[in-house]
Every structure is written in C-alpha cells, then in structure tokens.
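The values are calculated or read from the model by the stated rules, or taken from the named source; none is laboratory data. Just so you know, these numbers come straight off a predicted model, no measurement behind them. Every residue, glycine among them, receives a Cβ derived from its backbone with ideal geometry; neighbour counts consider all protein chains shown.
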Amino acid sequence: MALILTREQRMLADSVREFLVEASPVSALRALRDARDPDGYSRGLWQRFAEMGYTGVLVPEAHGGLGLGHVEAGVVMEGIGRQLVATPFLASAVLGATALARAGSAAQQAAWLPRIASAQAIVTFAIDERPKHDPDAIETTARRTADGWRLDGEKRFVPDAHVADAWIVVARVAGDAERAGVRAAGGARPSGLARDAAPRTRALFLVPRDAPGARVERTTMVDAHNAGRLALADVSLPADARLGGAGDDAAGEAALQVTLDAARAALAAELLGVASEAFDRTVRYLNERRQFGKLIGEFQALQHRAAHLHTELEITRAAVLRALQSLDEDASRASPAVSVAKARACDSASLAVQEAVQMHGGIGMTDALDIGLYMKRARVAAELLGDAGFHADRYARSRGY
Amino acid sequence: MTTTTSTDFATGVRAWLQANCPPEMRRPVTSEDDVCWGGRRFRFQSEAQRLWMQRMGERGWTVPTWPKAYGGGGLSPEEAKILRREMAALGCRSPLDSFGIWMLGPALLKYGSEAQKLEHLPPIARGEIRWCQGYSEPNAGSDLASLATRAELDGDEFVVNGQKTWTSYADQADWIFCLVRTDSTRGKHTGISFLLFDMTSPGVSTRPITLISGKSPFCETFFDDVRVPRRNLVGELDGGWEIAKYLLAHEREMISGIGDRGRAKPLGQVALAQIGAGADGRLAEPMLRAQIARFEIDEAAFRATIERTTDLLRAGEANPAAASMLKYYGAELNKRRWELMMACGGSDALEWEGERSRDGAIARTWLRSKANSIEGGTSEVQLNVVAKRILGLPGA
C-alpha cells in the first residue's frame, strides 16, 4: 500500500480541517478552561461530530458507524490536534469503540456501539494505575461471585472519565493470577524480554457510571482536557459485564493489545497535528517578527532549526501513516510500527512545541498566545498510553534485545 | 506494456541472464575491491567480472534506458524495472559502476551535442572509458560557484590552469568532466563552463588524498597549461553552471540512499552478538540499548519516509526539496549508526591493524561516515535548501 492518503482520506482531512477551524478553533478550548466548564467538552460540538459521522468512524456500519479504519481515525485525530479540540473522540470513538468491536459480545456491541456512534453515550477506557503507563502493572482485581463479579482497585489518567456513561476497566481476574504464578515477590512486575509473554490474566469489564461502589474524581490537567481517577470499591457487576462474555483469555489479551495500539497510533496522529500547527505558526512568526532591522526568519540559526524540525516532522508523518495502515492491514501485528510512531510523535512534538515557544520569544511565554496551549497538550498526549521511552523499550523487546 | 508482452520480455531476460551471467557474478559485492569500474587501465578481478561487464555492455544493459543509438539498451522504464527485478532474482550484481553512467551520461543526454553523445556515451556504456568529476577546489567547496580553475580560449583550444580536489579515482580515470572558469568579468555563476578532457593530456597530474579513515579514492588534480579541443565544451560557453546544478541534484539523490540500509545488520542484533545479554535476556548494557532502540526507531521511520517520498512523486506531489531532506537526515542517521557500531565493538573495534579487526574495518567506516554530512552538499547547505525552498524563509 502506498504511504500516502487515498483521495477519499484526503477529502476527509480537508473536511475535518474546515469543520474544526469553524466549529472549534483553539479559542474554544480557552473558553472551556476559563469558564471551568463542568463537562470539560462541548456537548453541542460532540453532537456535530456525530452528525459528521466522526464519532462512528471505527464503529461497524452494522452498528450505525462509518465502518472506516484507523487511517481515517488518525485523520480526524490530526485535525483535533491542530485545533486542540477537547472532545471524547479518543476515549469513545477510538478506545471505547475498538474495545467493544474487538472484544464485546453481540449483546454488548448492540447495547453500546450504536449509541457511541450517535453520541448518545460516551464509553472510555481505564488502564493506568501508576504515574508511568505500564499495562503489566495491574492490581485492580475482579473476583468471581455467585451472580457475577466484584471489582476492586484504582485507575488514573482516564480520558473523559467524569463524563463517560461507562468505563471499560482493565483488571486481573483473581484466582487466575495465583494459578499462573505471575506475581513476583513484592508485587514486582516482570521486566525482561519475557515481559510480554508473562501469563496473561487481564480482562476487560464494562462498568456503568452508576455502578454502586464506583467513584470518579475529575482531575484538572495541564492541558485542560478531561481526565479522571476511578475508585472501585467492591463494585458489583453482572456476569455479562466482562467483555467477551465467559472470556477467552487469549482473545481478551489480543483485544487489549489492539485497543491500546489503536489509541496509541491515534495519539501519534494527534501529536503530529499539535506539532504541525505549532510549527506552522512559528514559521509564520519568523516571517512577521522584525528585530535588528530584519525579519527574524532571516537569521540562519533559526532557519536551520526550522528546517531541521520540518524534516523531523516529515519523518514522523511517514511513521504515523505506516502505523495506521498497519493497524488496518493486521492489527494483531501492528505493535512495532505503532511503537515507532508513538515514540517519534512524542519526540517530534516535544521538539516542535519547545522550539515554538523559544522562537516566539517573550510572548511565547504568555498565556495570551496559543502556543503555550500546544506545549501543554503535547506533554499530556505524550504521556498517554506510553511515552517515547516506553515505546522505545517495547520496540527493542519486539526486536529481541 | 501489456501483460503478455511484459511476461514475454521477462522470460527473455531471465533466459539471457541465466545463459550470460557468470555464476561468480551472482554473488553480492562484499568489498570495494569487488567493484567493476571499467576503463582503459582497469585490472579485472577475474575473467568472469570482465565477461559480465562486456556482455551487459554489448547489450546496452549497463545503461538500460539510454537510447540504443548511444549504446544504451533502449528499454522503457517498465522494461528496465523488469530487468532489475530479474537481475535481483538471480542475484546478479551490477556489471559496471561508473560516474560516466551516473553523472556525465545524464548531463550529456540533456545538454550535449549529437557529436558529443555519439563520441562519449557508447564507451561509457561498454565500460571502456572511466570518468572522474572535477568540481571542488581547495577554495571552492560549499561555495562551488567561486571556482577558479581557468580555461582560456587560444584559437581552437582551451588552455586549462588550476587545481581540483576531492576528485574520486582521478588517478585511475581516463577522462574528466570539469567545471572551469571561462569568464571572470561577470558574476561568479555566469562565467563557468563544462569541459571534457583526457586525463592523459600533457599537464594533468594527480595526488591521492589520505583520509582520517586511511586510504581513499580521492585525489587532488593539477592542471598545468592543459590544452583541450574546443569541441569538448558541453553546452554553452559560460553556461556550465546550469549543467552543474543539474548534476548536483542527481548526486544528492545518490548519496541520500546511504541512510537506508535495507541490507544492513540490525544494530540490536549486532549489539547482542558482541556484548551479550543479561539474566533477563536483554542486552547487557541498558544505556546503549536505549540509544540503539531510538536509532532503530528513527531508521524505521526514515525507511518509511523514503518510501513515502517515492509514492508522493508517483502521485505527482513531488516535494521540491525532498532530496535535500533525505540527504540531510540519511547522512546524520548513518553517522549515528557507526557511532553505535563503535560503542558495540568496544575496545575490539579500536584495533587499527591486524586480522582480528580486519585492519580496523569498523573504525575506518566510522571515521569515513563523518564525511557523509559534508560531501554532496553539507548538512548545513541542505538545511539552507529546505529553509528556502520549502519553508520560504526570507533572504534564505
């Protein structure tokens, strides 16, 4: 497959761009932030996302979605990145939709996918339990009961947690852990090459927001995008709350991997959008700002840094598209490409926003200018679902060292 | 080309290659010494090497897409692609490496007179004449247009005086294509001409350049009242800079392939083999492991970028400075690769002589790689090009 967007994908990119510049420019994020908006996102905008079909980009047509692929999801995410749009797109349209499409039972899919596509429901995904993303460090436990499950544990850094109608929670099934002997002394997690191959006992559970024992705390984040913590204390769930029903461990693991990778690649696309917009604004500034009797863009030092950054962004763009296409081709084998993309996107975005602030000089440090908002979102998106270090390490492990 | 004709063509090619490519020529080139450069004084490594060059040369398949009238194969791009594929399938190595093929040929095809094409292209195709490139001078490197080697017209001949440097294989080449100054009164770009002459002409001498990595093919070349027939001027008098630019872009694309080593050993595997793994099965040096992981990620992304650039070109969305971006990044990537190779090799890689280190092969390649960001347009020049042609930055 050629490493370029198809004509349809380019048309989608153009319409996303046009739509978001009009419907949700960066000022919209400012407004949500400054008003301390309780939802943290615009319901009206989310409805319009549904009308455009974006909410259902990864939802199969049978369930009311567009039934498109990860490249299309990435196109939307890049547009979101460019305008710093705060919406439940990553949470619901990517994470929720993918988890349900991959691991949901027929009943779960029928109950949730159409409502995700129509923006009637938001479903998010809860995995992190520590400050650094580590899918192997899961202590949230699900114990079997006579009529279902009991969930105990804490989750953090959950996108759109406080506005979600349900959270898909990653937990270890109790009993399986002891059988598989996966716990090392002191709860240390496996760190070697074999890490990925450690016995898998993780499963996905659909927890409705009103489940007794479940509490959500909204966390105001650096980037003014929604995130939250979950406290699950003896949360009672019916048997069919486990994604996939009775649950085939291997299938559950595969679904977890694909869901995470889909979101990581989507984030890489968003980071590319954040970086590209920050860069474009910086080049514009180099062509406007005068000091010492000339445009600052005439100074070779800045020209070289800008040219270097442009090169890095082009290389990241190729890697991101490769990852998205890999997911569309065979999601079960896309992990290495996804790690390349996320690692690159984190680094490129970090460079882009830092150069952006620096080259804008003093005004780059003001809240009045949008550039700082790009830096903030880049940092949060980089940390989500594995930063550059996490993915570099995962890539190395995938290549045997 | 229809499917049936292309299948027929492929079949024909395959049969011919089977019958005419000596078995020894179906093994990849493993060292510089294996390369066939041709030329009057070339000492073939083996009869097989000579035969392979000769047979492909006679057929014009050393230059498949050049017109038959000039010694080429007269193949269409699709046919040339089929030829490449069949050669790859059989493992046939290139029959002839040549600056005449890569650089002068394209320039003559575009700017040369009919007489010049007929005189010079067929010997290039047959590997009979070996060419070198006279561009850089001690005082004209990045600022090539400031070159000072003079060519003064005296009747029917130019008289050339001056000096070139970084002339690859000048001491082994038969002819030189050379940038000379034919007018010093106007701007530096407007007084340059493109001249061809025989390296055995009286007044031409060469001196090899030793690099920090050891022996190199580079030479200094001196011209002391060298007389060159006027008919060896390519293109217009004082119009040589345009030809030079055309070739420089070409050269850049060649070198930009450096960073993309489809066949290079994965660095992580090299490290494991040389350093070993810890109890957890992972490379025993964690800091090095992190650097290698970052490198391999960038390498994978760079490969994707090369692919994407080709795909964009095919789709008609050529980036004006793509070659510069690729050359810039590819060169820096290759330097990183060899820094890591040295790190993996530890003190073993520091032995400069002896069989154990193959006379310091890794160290020499590490040192040689430092030139990648200098030759073919420095990284700084490439960044200037990107700043000017893509970003449109002012006064660039």
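In the range B:155-173 there is no residue that is in a helix (DSSP H, G or I), of a type in the set (Val, Ile, Thr), out of contact with any Phe, Trp or Tyr (no Cβ under 7 Å at 6 or more places or on another chain) and farther than 30 Å from B:THR210 by Cβ.
Filtering the range B:58-80 to residues that are surrounded by fewer than 21 Cβ atoms within 10 Å (Cβ to Cβ) and small (Gly, Ala, Ser) leaves B:ALA69, B:GLY73, B:GLY74, B:SER76, B:ALA80. Condition (residue is among the charged types (D, E, K, R) and either under 27 Å from A:ILE371 (Cα atoms) or crowded, with 19+ Cβ neighbours inside 10 Å (or both)) applied to the range A:64-74: is it met by at least one residue? Yes. Considering the range A:299-329, and only residues there that are of a type in the set (Lys, Arg) and surrounded by 22 or more Cβ atoms within 10 Å (Cβ to Cβ), the residue that is nearest to the other protein chains (Cβ to nearest Cβ) turns out to be A:ARG322. Selection of the range B:12-39 for residues being small (Gly, Ala, Ser), within 30 Å of B:TRP175 (Cα to Cα) and loosely packed, with under 11 Cβ neighbours inside 10 Å yields only B:SER31. The sole residue among A:ALA254, A:ALA241, A:ALA233, A:ALA214 that is surrounded by fewer than 17 Cβ atoms within 10 Å (Cβ to Cβ), closer than 18 Å to A:THR140 by Cα and among the aliphatic types (A, V, I, L, M) is A:ALA233. Scanning the range B:273-304 for residues that are assigned to a helix (DSSP H, G or I), of a type in the set (Gly, Ala, Ser) and more than 8 Å from chain A (Cβ to nearest Cβ) yields a count of 1. The single residue among B:ASP171, B:ASP156, B:ASP183, B:ASP143 that is without any contact (Cβ under 8 Å) to a residue 40 or more places away in the chain and surrounded by fewer than 19 Cβ atoms within 10 Å (Cβ to Cβ) turns out to be B:ASP143.
Among the residues here, B:LEU83 does not qualify as among the hydrophobic types (A, V, I, L, M, F, W, C), surrounded by fewer than 19 Cβ atoms within 10 Å (Cβ to Cβ) and in a helix (DSSP H, G or I). The test for being of a type in the set (A, V, I, L, M, F, W, C) and at pLDDT 95 or above holds for A:ALA161.
For the range B:308-360, a residue qualifies if it is under 22 Å from B:ILE297 (Cα atoms) and among the charged types (D, E, K, R), and the qualifying residues are B:ARG308, B:ASP311, B:LYS327, B:GLU332, B:LYS335, B:ARG336, B:ARG337, B:GLU339. The test for being over 24 Å from A:ARG322 (Cα atoms) and not acidic (Asp, Glu) does not hold for B:SER324. Screening B:SER98 against (1) out of contact with any helix residue (DSSP H, G or I) (no Cβ under 6 Å at 6 or more places or on another chain); (2) at pLDDT 95 or above; (3) over 25 Å from B:GLU380 (Cα atoms) leaves a single unmet condition, (2).
Against the definition (hydroxyl-bearing (Ser, Thr, Tyr) and under 23 Å from B:SER98 (Cβ atoms)), how does B:THR221 come out, yes or no? For B:THR221, the condition - hydroxyl-bearing (Ser, Thr, Tyr) and under 23 Å from B:SER98 (Cβ atoms) - is met. Here is the figure for the range A:276-293: residues that are within 9 Å of another protein chain (Cβ to nearest Cβ) and part of a loop (DSSP other than H, G, I, E, B) total 1. Among the numbered conditions (1) more than 14 Å from chain A (Cβ to nearest Cβ); (2) modelled with pLDDT of 80 or more, the only one that B:VAL270 does not meet is (1). Scanning the range A:174-230 for residues that are at pLDDT 80 or above, outside any loop (DSSP other than H, G, I, E, B) and of a type in the set (A, V, I, L, M) yields a total of 8. For the structure I just gave you, tell me whether A:GLY361 is on the phi > 0 side of the Ramachandran plot and either facing chain B (nearest Cβ under 8 Å) or at pLDDT 95 or above (or both). Yes, satisfied.
The residue of the range A:330-355 that is nearest to B:GLU299 (Cα to Cα), among those that are more than 14 Å from chain B (Cβ to nearest Cβ) and surrounded by fewer than 24 Cβ atoms within 10 Å (Cβ to Cβ), is A:ARG333.
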